Amino acid sequence: MAERPLGFGRRDSSASPDAAVELLIPGLVALDDTIAAGLLPDRPKRSHKGAFGKVLVVAGSLDYAGAALLVCRAAGRAGAGLVTLAVPESLQPLFAAKVVEATTMALPEDDVEEVDPEPALARILDHDHDVIVVGPGLRPGLATAELVRMLLASPGEGDTPPLVLDAEALRSLATMDRWWEGERRPAVLTPHSGEFERLRAGSGHEGGDGDLVGDDAARAAAAGDAATTWGQVVVLKGAKTVIAAPDGAVAVAPFENPALATGGTGDVLAGTIGALLAQGLDTFAGARLGVYLHGLAGETVRERIGDAGLLASDLPDPIAIARKRLATVAERRAKNARLGFGSRETPTGETVPGAPS
């Protein structure tokens, strides 16, 4: 995909485009193939499945079984070595019959399909994992909200595996007072605009954030403010998805693909980001690369079928192909660097990639 200008909409026409971007967020980065390729985790030839990350997925219910299955498949296609799906014990036979590569784990219940938070948490913490993806397709309710609250709290022992919070996990957070305070696991929050607005309202944010669908400047500013307030990485999904870090760094993906506006594509993104975190990337790097791979996969499907008709299940396989493409970019850049064709600065201060060094 050719590099595209970022193109922030709804600017003051009297200001120059460069000035508008600088006024928005200094240092904002537009993602491209080169940047994304530089984020790819190592893939040693002499390794094993345990070395490529263990993803634990807490997702799914009887009404939303597909969400959990999409997360698991996406995690595998994004390179995770092992994927385990944790579901209420009454549903385990159903899901065990549906997943192929993933394993399943039964969570204790206090009612049919409703997890018992404390014993469920104990079983989750006892399971060996590098990341937890929680939320897609979970049954709404107080028990789910309590489990999310307990998962977010840092156990405080050694390296704490990060979380990817999506769907029902985000709706649960929106009901909690000052959920971001105290010791918390590192997490990536992946809201669409509606979920983001609920989170902001639940956090006591006063004053509107503007148009979070069509105004790129408002989207970037709001996501950046939320990430610094909450101390977590925020992925504001939509056209030109925004990825914001707690330290103020903000990146924007170039993709505007109406074919992705269909149920389940967010579940695929959550699984993709989870797999990358399990492979050792930090939350900001994993979120940026996950969004980019997801966008490339969507473009691949769109080129084949057009702007409508994409199914979420179409995306996981192209994610693996997108990763291969970025690996080729990274390999080419490394080869050029070995040959002495690194980037250099011109007398005017411009960077020229691939120039003899």
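The numbers here are math on the coordinates, done by the rules we state, and not lab data. Remember, predicted model here, so these are calculated numbers, not experimental data. Here the Cβ is made from the backbone with ideal geometry for all residues, glycine too, and neighbour counts use every protein chain on show.
Below are the figures for this structure:
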| read-out | value |
| --- | --- |
| Rg and Dmax [Cα atoms of the chain; Å; Rg one decimal, Dmax integer] | 20.5, 70 |
| Theoretical gain in end-to-end length, residue 62 to residue 112 [0.36 nm per residue, Cα-Cα removed] | 17.0 nm |
| Length-normalised contact order for the chain - Cα pairs under 8 Å, 6+ apart - percent | 19 percent |
| Hull-based mean projected area of segment 196-273, where the convex hull spans the alpha carbons, in square nanometres | 5.3 nm² |
| Efficiency of FRET between residue 307 and residue 160 - r from beta-carbon atoms, R0 56 angstrom, step 0.05 | 0.85 |
| CD proxy at 222 nm, helix term only [per DSSP H run n ≥ 4: -39500 (n - 2.57); per residue of the chain; nearest 500] | -12500 deg cm²/dmol |
| Segment residue 103-residue 183, length gained on full extension (0.36 nm per residue, minus Cα span) | 25.7 nm |
| Nitroxide proxy distance, nm - points 7 Å out along Cα→Cβ at residue 256 and residue 46 | 5.0 nm |
| Förster radius 45 Å - calculated FRET efficiency between residue 34 and residue 228, Cβ distance, rounded to 0.05 | 0.95 |
| Formal net charge of residues neighbouring residue 63 (Cβ-Cβ distance under 10 Å; K, R +1; D, E -1) | 0 |
| Bridge type composition, the chain - antiparallel percent by DSSP, nearest 5 | 30 percent |
| Nonlocal Lys pairs with alpha-carbon distance under 29 Å, the chain (8 or more apart, or different chains) | 14 |
| Trypsin sites (Lys or Arg not before Pro) within segment 114-179, DSSP loop, no more than 12 other Cβ atoms inside 10 Å | 178 |
